[in-house]
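Since every read-out is calculated from the coordinates, none of them should be taken as a lab result. Only a predicted model underlies this, so the values are computations on that prediction, with no experimental measurement involved. We place every Cβ from the backbone using ideal geometry, glycine too, and count neighbours over all the protein chains shown.
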Amino acid sequence: MQLEDYFDFLAPNDIRIKGTRVGIETVLYDYIYRSMTPEEIDQRYWSINLEQVYATILYYLHNEEEVRQYLVEWIEFGERMRREQEENPPPVIRRLRRLRKLYGQEAARIVQERRAQEEAVFAQLLRERGPHYHLDNEQE
């Protein structure tokens, strides 16, 4: 078996461990930047095995310059995406920020109280209508 047989080369910036959705950057980030051992990495990800972890590290050692550039680009892409999300947050995040501005630290308490009220109403419905009751059963 060739070392490359352990990987799916989906694109120049997307190399996955064969048969998984795990990119080599996941394993290598833990190995290089978090100083994790191959055994620790193997225990962390249930969809890959120790042989695949070692193959990924060996691939890195055999192609160090290219893989380092791959990792730099991956890290830069992640940072760029985080900046874009911060500058252009999705509607739910904007709403949460507005609520926090309006209610300050009380926002978490208010949300928790509202959730508790909704759960109490739902629990009451379950008691009244039985364990197989579902909100979709309500007639409008």
For the chain, the longest principal axis of the Cα atoms and the Cα long axis of helix 91-103 enclose an angle in degrees, to the nearest 10, of 60
Restricting to Cα pairs under 8 Å and 6 or more apart, the percent relative contact order of the chain works out to 14
Labelled set (i) 0.93; (ii) 1.26; (iii) 1.21; Rg/Rh (Cα atoms, Kirkwood Rh) computed from this model equals the value at (iii)
If T37, T56, T20, T26 are placed from fewest to most neighbouring beta carbons inside 10 Å, the sequence is T37, T20, T26, T56
Exposure-ranked with fewest Cβ neighbours within 10 Å first, K101, K18 stand as K101, K18
